[in-house]
Amino acid sequence: MTDTAGTQRVAAGPAQRRGPAATAALLVVPVLFLGLFFVYPVATIVLTGLRPEGVLDLGAVWQVLSDPVVRRVAWFTVWQATVSTALTLALGLPGAYVLSRMRFRGRNVLRAAVTVPFVLPTVVVASAFLALLGPQSPVNSLLEGVFGAAAPTLDLRRTVTAILIAHAFFNYAVVVRTVGGLWALLDPRLEDAARVLGASRWQAFREVSLPLLRPAIASATAIVFLFTFTSFGVVLILGGPARATIEVEIHRATTQLLDLPLASVLALLQLIAVVTSLVVYGRLQRRTTQQPLVASERASRPARTRGERRFLRANLALMAGLLAAPLLVLAERSLSTAQGYGLTHYRALFSATADTILTVPPWLAIRNSITFAVAATVIALIVGGLAATAAVTGHGRVARFVDGALMVPLGTSAVTVGFGFLIALNRPPVDLRGSPLLIPLAQALIATPFVVRTLLPVLRSIDHRLREAAATLGATPRRIWREVDLPIVGRALLVAAGFSFAIAVGEFGATVFVARAQFPTMPVAIFRMLGRPGAANFGQAMAMSTILMVVTATALLLIDRLRVGQVGRF
Amino acid sequence: MLDVRGLTVRYGDLVAVDDLDLTADDGEVLCILGPSGCGKSTLLRAIAGLVLPDTGTVSLDDDVLDGLRPDQRRVGLMFQDHALFPHRTVADNVGFGPRMRGNPRAEIAERVREALTLVDLTGTEDRPVTALSGGEQQRVALARAIAARPRLLMLDEPLGSLDRALRDRLLTELPELLRQLGTTVLYVTHDQDEALALADRVAVMRQGRLEQVDTPDGLWRGPANAFVARFLGLEHLFAVEIADGVAATPLGEVPVDAPDGPAHLVLLLDALRLADEVRPRRADEIELDGEVVGRRFAGDHLRVRVRTRCGPELTVPVWRGRAPAIGEPITLALDPRATRLLPPDETEDETEDGPQEESQAASASGQSPHPQ
């Protein structure tokens with residue numbers, strides 16, 4: 001009798017219900033981690049915001065909210081997010097069409113390349129656009145070359161335009177991957193049918209493709225809006241003090257005004273906005289999956305008419321100008337010195353501290369970044385791996401809860417996380433004040449959702465009959481995990497590790513709150529260098545940004561080689 | 001009248017349609033029959049304007065269509081797997097064409113009703129097309145093409161995705177429906193039964209070219225070459241040498257009226273029969289002795305496989321009541337008048353399709369292979 005029960009349990013395999021106790025055991029670490037480093041800090045923010053003096057004081061909240069400065073900040077946040085999203089869609093939709101429906105040489109490489117900006121650290125992107133849109137930019141040399149010395153010097157630093165363009169740069173891939181992914185699945189004969197029935201090219205798009213793409217477009221819109229709404233590094237560096245979003249204002253209130261209640265109320269506002277858009281996004285996503293799709297083998301066609309070729313060329317030019325140019329100019333600026341091109345700035349990074357504004361030699365920032373990122377990756381893999389396993393083995397409701405709960409930090413802004421750490425973890429019960437441990441913890445918190453998102457589909461896709469087969473061949477549950485699950489999940493684990501590392505090494509929003517002066521990371525060092533005048537500081541910032549870009553790109557290229565999951569697809 | 005001249009469509013190095021000429025008369029149902037990948041769908045797409053031809057001219061009722069966009073051509077195309085708009089109702093799908101042409105609302109509704117009546121789907125107007133069965137979807141697709149009032153209706157494997165029973169039913173309904181419409185119809189299929197059941201004329205297509213255009217009966221009686229013969233399912237095809245008006249086949253000598261040289265001889269469907277006491281061999285027939293090696297049940301008759309004493313295995317239809325057992329000796333009668341001489345095989349390889357062989361094919365197919 002006991003035998004039968006045992007066989008049944010083993011045959012069901014670890015992916016089947018393993019019993020609430022096992023699931024609960026798996027969840028201990030993730031729940032503790034999230035509770036301590038997410039729920040507790042966020043709760044502290046809420047309490048600080050609502051009870052600045054220890055008692056509930058909605059009047060104070062209202063006072064903050066009715067402050068014209070706060071209102072202006074809130075308005076600007078919404079405004080820039082809306083315009084950025086519209087701009088990104090306007091540029092990205094044609095790009096999505098080109099990359100999903102037109103066939104041309106190098107398309108697959110290009111499709112991988114356009115996702116690079118999306119995963120670059122915000123600080124690198126901001127540096128790149130400072131370089132591209134500044135007076136020293138090759139763009140201006142070009143203008144001068146064409147129009148002579150009288151040509152106006154283009155300087156878009158500290159403008160809204162710079163922010164909008166940088167946001168389009170960042171999120172172009174989101175539109176291309178999300179909308180393009182669906183577009184590639186739409187039967188191209190639907191538009192053909194419309195054309196034959198008398199619809200013009202535009203009518204065929206509007207009447208047939210657009211309605212069918214609507215869920216993906218809505219989904220991309222929501223996610224781009226969320227990203228630009230919570231954008232921090234780009235706005236902080238490119239926008240200048242006059243153009244603060246809620247994120248930037250939280251940072252300013254904390255570091256310059258030392259007004260924690262103000263920062264808390266702002267963070268509260270931010271949280272509400274983020275949760276609202278996440279709910280909307282979740283709704284939209286559910287509709288996306290319900291969309292009936294017609295898979296088709298030949299969705300893409302080569303450009304045949306002159307108009308099509310022109311459209312293709314225009315889009316390729318846009319991708320080159322929007323996506324490639326900033327990064328190339330960044331590298332160019334990092335090599336440019338008063339005496340022509342050279343490695344001066346790079347050498348300066350590895351020399352003494354004398355001519356830098358950091359309290360430690362800059363190369364230490366590189367070492368710190370890599371150390372912290374490795375630590376963060378380990379933490380994220382443990383927490384995310386356990387949570388994903390629990391989500392797969394647990395009952396439906398448990399699984400959905402784990403899945404959902406772990407996504408919240410993804411949407412919550414990094415600044416909220418960093419600020420929460422700052423005000424919550426500096427006193428008992430969790431006193432980590434000034435501890436360098438805060439940095440990898442914050443980074444891990446932000447990387448964990450990506451780990452879960454990468455592992456879950458792979459874990460779910462393992463055919464449970466493989467486990468059953470292993471069980472009938474005599475494997476214990478532990479052996480099944482080692483012999484079946486692990487080899488299959490191994491690749492996904494590597495991808496998750498690469499992802500976590502890339503995110504952690506470039507993390508800025510949370511790190512800038514918790515990194516002490518003696519433990520700068522690369523993004524923090526770049527930010528500090530950019531904040532000081534002088535060509536040497538700027539050049540070193542460019543050099544460090546280039547290094548960070550290379551480190552991140554390497555991690556991501558390694559992921560790409562493994563070809564698991566879709567970067568930037570929502 | 002549809003007139004296609006010198007049409008060539010290339011996809012990179014691949015020539016999908018190769019210098020093709022084709023005409024279809026008003027009200028004619030012309031089937032384009034060919035194996036998958038022979039370029040028949042591309043031909044339709046080129047006529048519809050969805051693919052730009054590299055060379056050639058398409059005209060319809062004396063209007064030259066070249067350079068016109070698909071929406072300016074007023075030709076209808078019913079797609080393989082139908083390509084119905086999944087986000088629209090039946091009525092919206094059917095009314096799409098009239099709406100794009102800017103018809104008033106009442107006119108659109110009228111045409112939708114008309115087209116749905118024709119395909120026997122009245123009452124389904126408000127249903128989403130995704131909720132329909134395969135056969136219903138097929139009818140909606142046809143109604144959608146009809147409601148646009150095309151000058152030419154093209155159907156691309158319209159029955160391809162349907163199960164057999166449904167296909168057979170629609171195959172009996174479609175000819176009547178197409179006749180009612182009176183539009184010129186171009187019907188693409190890889191299924192010879194479909195082509196022969198529907199078509200006024202059949203154009204057999206292979207690797208971008210038309211091998212033969214003829215009535216169904218003409219095709220059966222005189223396939224132009226080995227490819228057409230094989231594609232129609234004529235399995236008895238022999239490489240022969242002609243000398244002094246006689247083709248030496250493995251089955252015996254068949255008198256032909258053709259110059260000396262290599263050729264192919266095909267046995268038409270009614271060339272072989274069982275010779276027995278009810279219908280003994282006639283004097284002009286060739287006697288073939290053999291042994292039954294296999295039997296396949298085919299509804300009202302059996303297809304009996306016979307290994308002849310002279311070598312080749314032949315299949316012959318035998319009525320059920322007279323079916324011989326396996327191993328039984330059997331005598332067949334071969335009617336030499338039901339054989340056709342075909343030009344030497346181009347070995348199925350398109351690269352050898354030279355102009356020389358083409359002219360040979362033309363002259364050989366025009367000849368009578370036997371004395372009248």
Net +/- balance of residues flanking residue B:273 in space, Cβ distance below 12 Å, scoring K and R +1, D and E -1: -1
Burial ordering of A:257, A:328, fewest other beta-carbon atoms within 10 Å first: A:257, A:328
Kirkwood-Stokes translational diffusion coefficient of region A:70-228, alpha-carbon pairs, 4 °C, 1.567 mPa s, µm²/s: 73 µm²/s
Segment residue B:177-residue B:125, extension gain: residue separation times 0.36 nm, minus the distance between their alpha carbons: 16.7 nm
Which of A:237, A:379, A:370 has the fewest Cβ neighbours within 10 Å, and the rest in rising order: A:370, A:379, A:237
Prolate/oblate/rounded call for the protein assembly as shown, Cα gyration tensor, a/c under 1.5 rounded: prolate
Cα pair distances in region A:89-132, grouped into 5 Å bins until the bin that holds the longest one, percent each: 5, 18, 21, 20, 18, 12, 5
Within the protein assembly as shown, percent of DSSP bridges classed antiparallel, to nearest 5: 75 percent
Cβ charges +1 (Lys, Arg) and -1 (Asp, Glu), total dipole of the protein assembly as shown, debye: 5780 debye
Per-residue mean of C-beta atoms belonging to partner chains within 10 Å, peptide B:66-78: 4
Hydrodynamic radius by Kirkwood, which averages 1/r over all alpha carbon pairs of region B:115-200, in angstrom: 13.4 Å
Loop-located trypsin sites (Lys or Arg not before Pro) in region B:249-336 whose Cβ has at most 16 other Cβ within 10 Å (DSSP): B:282, B:309
Three-way shape call for region B:1-120 based on the alpha-carbon gyration tensor, with the a/c threshold at 1.5: prolate
Largest-first principal axis extents of the Cα set of chain B (Å): 73, 49, 35
Length gained when the stretch residue A:141-residue A:479 is fully extended (0.36 nm per residue, less Cα-Cα span): 115.2 nm
Residues in region A:104-122 reached by a label modelled at residue A:309 [backbone nitrogen below 19 Å; 7 Å Cα→Cβ]: A:104-107
Residue A:279-residue A:535 pseudo-label distance in nm [points 7 Å out on the Cα-to-Cβ vector]: 5.6 nm
Given charges at Cβ of Lys, Arg, Asp, Glu: region A:383-529 dipole, positive-most of A:526, A:486, A:415: A:486
Nearest-20 debye value, region A:439-570 charge dipole, Cβ charges on Lys, Arg, Asp, Glu: 80 debye
Modelled FRET efficiency - R0 56 Å, residue B:253 with residue A:105, Cβ distances, 0.05 increments: 0.40
Euclidean distance of C-alpha centroids, region B:175-253 and region A:504-560, integer Å: 74 Å
Over region B:204-302 - Rg/Rh using Cα atoms and the Kirkwood inverse-distance radius: 1.00
Dipole in debye (nearest 20) - region A:428-498, about Cα centre, beta carbon charges: Lys, Arg +1; Asp, Glu -1: 80 debye
Residue order, fewest to most beta carbons within 10 Å, for A:207, B:241, A:249, A:308: B:241, A:308, A:207, A:249
FRET efficiency, residue B:283 to residue B:322 (Cβ-Cβ, R0 25 Å, nearest 0.05): 0.65
Of all DSSP beta bridges in chain B, antiparallel share, percent nearest 5: 80 percent
Positive dipole terminus of region B:29-127, leading residue within B:58, B:87, B:124 (C-beta point charges): B:87
Summed side-chain charge close to residue A:63 - residues other than residue A:63 whose Cβ falls under 15 Å, Lys, Arg +1, Asp, Glu -1: -2
Net charge of neighbours whose Cβ lies under 11 Å from the Cβ of residue A:133, counting Lys and Arg as +1 and Asp and Glu as -1: +1
Three-way shape label, region B:62-115, alpha-carbon gyration tensor, a/c 1.5: oblate
At R0 = 56 Å, FRET efficiency that the Cβ-Cβ distance of residue B:72 and residue A:431 yields, to 0.05: 0.15
Dipole of chain A, positive end: most advanced residue of A:276, A:112, A:212 [Cβ charges, Cα centre]: A:212
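No value in this document is a laboratory result; all are computed from the given coordinates. All figures in this text were calculated on a predicted structure; none of them were measured in a lab. Every residue, glycine as well, gets a Cβ built from its backbone with ideal geometry; the counts of neighbours run over all protein chains shown.
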